[in-house]
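Right, one structure below, let's go through it.
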Amino acid sequence: MIRAALRRLAHSEHEQAFALDLSAGEGGSTPMVATQLAKLLEESASLRDTLRTVREHTRAGDPRVEECIAMGVRALAQAERLTTTVEEVLYGNNAGAPVRSDASPTARSARP
């Protein structure tokens, strides 16, 4: 169950990155980024529910289950950092500014 939820979350993260890359150019589409953000939030919630269900319905101390839960918790933390960053880009103080991507040459030159 956890692995399937992780695959869906990874796919959603990939789609979010793709949307960010597409919107990084001139006249980029922030609605596409917002749509992918909603899907990413949905998959994060799904993983959280899956982790809760697995914890509630498995016996404590099974090392395989504990390893899967730990992997799921790490992935969930990373997804939450990603969603927070995307939300800041979309809805933060610079919401009117164009979306920038690490994949774009201008974004690389702006890094220290």
Flag if ARG74 is basic (Lys, Arg) and either modelled with pLDDT of 95 or more or under 22 Å from the mean Cα position of the chain (by Cα) (or both): yes
Unique residue being in contact with a helix residue (DSSP H, G or I) (Cβ under 8 Å, 6 or more places away or on another chain), closer than 18 Å to TYR91 by Cα and small (Gly, Ala, Ser) when the list is ALA24, ALA75: ALA24
Residue list for the stretch 1-19, restricted to those being in contact (Cβ under 8 Å) with a residue 12 or more places away in the chain and either basic (Lys, Arg) or touching a helix residue (DSSP H, G or I) at 6+ places or on another chain (Cβ under 6 Å) (or both): MET1, ILE2, ARG3, ALA5, LEU6, ARG8, LEU9, SER12, GLU15, GLN16, ALA19
From the options HIS57, HIS11, residue that is modelled with pLDDT of 90 or more and loosely packed, with under 13 Cβ neighbours inside 10 Å: HIS57
Residue match in the stretch 92-110 (condition: under 22 Å from the mean Cα position of the chain (by Cα), at pLDDT 60 or above and acidic (Asp, Glu)): no
Tally, over the stretch 43-68, of residues that are part of a helix (DSSP H, G or I) and without any contact (Cβ under 8 Å) to a residue 12 or more places away in the chain: 10
Pick from the stretch 14-42, criterion surrounded by fewer than 17 Cβ atoms within 10 Å (Cβ to Cβ) and outside any helix (DSSP H, G or I), ranking: modelled with the highest pLDDT: SER29
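The values are calculated or read from the model by the stated rules, or taken from the named source; none is laboratory data. Keep in mind the model is a prediction, meaning the values are calculated, not measured. Heads up, the Cβs are rebuilt from the backbone with ideal geometry, glycines too, and the neighbour counts pull from every protein chain shown.
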